[in-house]
Amino acid sequence: MITPAPPRRACVRYGADGVRCGNATNRADGWCGQCEGYTTPEPPTTDAEAKPRRSAWRWGPGDWKPAPLGMDSDEAYEIDVTPGAVATYAKVHAVEPQNAETEIRSLFEDLIADQAATERNEAGAWRVYFPKHGYGLLISEDRSHILRYCTRHMERTWAQYRTGVASRIAGPNRMPAWKREGVARHIDLAVGGKVVDLYARHKLGLKVTSENIDEVARRLAAHVNENVLPQWRHGDDESIDDGGGNTWRLVRDDEHPGGLILATYASGDTSPRDRGETP
Ligand SMILES: [Zn+2]
């Protein structure tokens, strides 16, 4: 499918101040690429809204094994996109269905061009995804259809995320985007917000701020790389003693295929205290 270049029109997105942008743009997604590009004036803030949005990171059961997809980024404009994938995308990112389809194709193009992880399950379906960034697509066995759109994000599109636009939503444990993204710059695993706070407080004697997050995350990464990860067997749920008086709980699930550092607590406690939660 070849789409003609869309005409020049006013940007339909919103800036961080919640004001409609209005810059001229001829991009297919209707975003000028210069404002923050939020699709709604306000972020979704209630739990009732946040929960269904979070469930869009679902790959279905099965053992996923690395397998080359063998597709070219040009094919992103030839593959069919199912109505279900379009509906999920339109709902998560609050965009019109026709924009959703365009943006899904553009994500697919980037996934292929950026050599994203590609894996297959027993049923033959493919998943092409950025495990760390939390965007991906499920592809049919015969590679004719994009079956599903999967994301861990509650509002930002891949185009916004890759440009460095910050989320306006704190996570369910109120982990703000600056903290989550500061940690993500140093650690490949997802990290619960309280894990970061506790490490900073107990090991470094610091309160985490947007100024010191980079240093805290760097030292947390060094500690985890040296004392925790060498013992990790990549199980679904493991407790690892770091030899320095703290136990770290690491889990792996559908939402965190690369692993999540869920909690840290002083070794010897009978119950985990100050348990961190999903970021
Ligand atoms: Zn704009």
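Here are some residues: 31, 64. Which one is closer than 15 Å to residue 155 by Cα, modelled with pLDDT of 90 or more and surrounded by 12 or more Cβ atoms within 10 Å (Cβ to Cβ)?
Values: 64 fails: closer than 15 Å to residue 155 by Cα.
Of the residues listed, the single one that is closer than 15 Å to residue 155 by Cα, modelled with pLDDT of 90 or more and surrounded by 12 or more Cβ atoms within 10 Å (Cβ to Cβ) is 31.
Residue 148 is checked against (1) farther than 30 Å from residue 216 by Cα; (2) without any contact (Cβ under 8 Å) to a residue 60 or more places away in the chain and fails just one. What number does that condition carry?
The single condition residue 148 does not satisfy is (2).
Taking segment 189-213 only, how many residues are open to solvent by 70 Å² or more (accessible area, probe 1.4 Å) and of a type in the set (Asp, Glu)?
Counting residues in segment 189-213 that are open to solvent by 70 Å² or more (accessible area, probe 1.4 Å) and of a type in the set (Asp, Glu) gives 1.
Pick out the one residue from 82, 45 that is at pLDDT 95 or above and hydroxyl-bearing (Ser, Thr, Tyr). Before the answer, list the steps.
Values: 45 fails: at pLDDT 95 or above.
Testing whether each residue is at pLDDT 95 or above and hydroxyl-bearing (Ser, Thr, Tyr) leaves just 82.
Please specify each residue of segment 87-128 satisfying the condition of being among the β-branched types (Val, Ile, Thr) and either closer than 21 Å to residue 43 by Cα or free of Cβ contacts under 8 Å to residues at least 40 places away in the same chain (or both).
If the condition is that a residue be among the β-branched types (Val, Ile, Thr) and either closer than 21 Å to residue 43 by Cα or free of Cβ contacts under 8 Å to residues at least 40 places away in the same chain (or both), then 88, 92, 95 are the ones that fit.
Just to be sure, is residue 85 under 15 Å from residue 139 (Cβ atoms), of a type in the set (Gly, Ala, Ser) and surrounded by 13 or more Cβ atoms within 10 Å (Cβ to Cβ)?
Answer is yes for this residue.
Identify, by number, the condition in (1) assigned by TED's automatic domain parsing to the domain that holds residue 77; (2) outside any loop (DSSP other than H, G, I, E, B); (3) in contact with a helix residue (DSSP H, G or I) (Cβ under 9 Å, 6 or more places away or on another chain) that residue 127 doesn't meet.
Here residue 127 meets the rest and fails (3).
Determine if segment 197-220 includes at least one residue that is assigned to a loop (DSSP other than H, G, I, E, B) and under 18 Å from residue 260 (Cβ atoms).
Pass one, segment 197-220, residues assigned to a loop (DSSP other than H, G, I, E, B): 205-212.
Add one more test, that the residue is under 18 Å from residue 260 (Cβ atoms), and what stays is none.
No, segment 197-220 contains no residue that is assigned to a loop (DSSP other than H, G, I, E, B) and under 18 Å from residue 260 (Cβ atoms).
Counting only residues that are of a type outside the set (Gly, Ala, Ser) and in contact with a strand residue (DSSP E or B) (Cβ under 7 Å, 6 or more places away or on another chain), which one in segment 10-22 is surrounded by the fewest Cβ atoms within 10 Å (Cβ to Cβ)?
Top of the filtered list is 20.
Scan segment 5-31 and report the pairs whose first residue is under 16 Å from residue 43 (Cα atoms) and whose second residue is open to solvent by 60 Å² or more (accessible area, probe 1.4 Å) and near the ligand (Cβ under 10 Å from one of its atoms), with Cβ atoms within less than 7 Å and a gap of 6+ or a chain change.
Qualifying pairs under 7 Å: 14/20; 15/36; 16/36.
I need a count of the residues in segment 130-161 that are assigned to a strand (DSSP E or B) and either over 17 Å from residue 256 (Cβ atoms) or open to solvent by 10 Å² or more (accessible area, probe 1.4 Å) (or both).
Of the residues in segment 130-161, 9 are assigned to a strand (DSSP E or B) and either over 17 Å from residue 256 (Cβ atoms) or open to solvent by 10 Å² or more (accessible area, probe 1.4 Å) (or both).
The values are calculated or read from the model by the stated rules, or taken from the named source; none is laboratory data. Since the structure is predicted, the reported quantities are computational estimates derived from the model, not experimental observations. All Cβ positions, glycine included, derive from the backbone under ideal geometry; neighbour counts span all protein chains shown. Accessible surface is based on the protein model in full, side chains and every heavy atom, while ligands, DNA and RNA are left aside. Shrake-Rupley method; radii C 1.70, N 1.55, O 1.52, S 1.80 Å.
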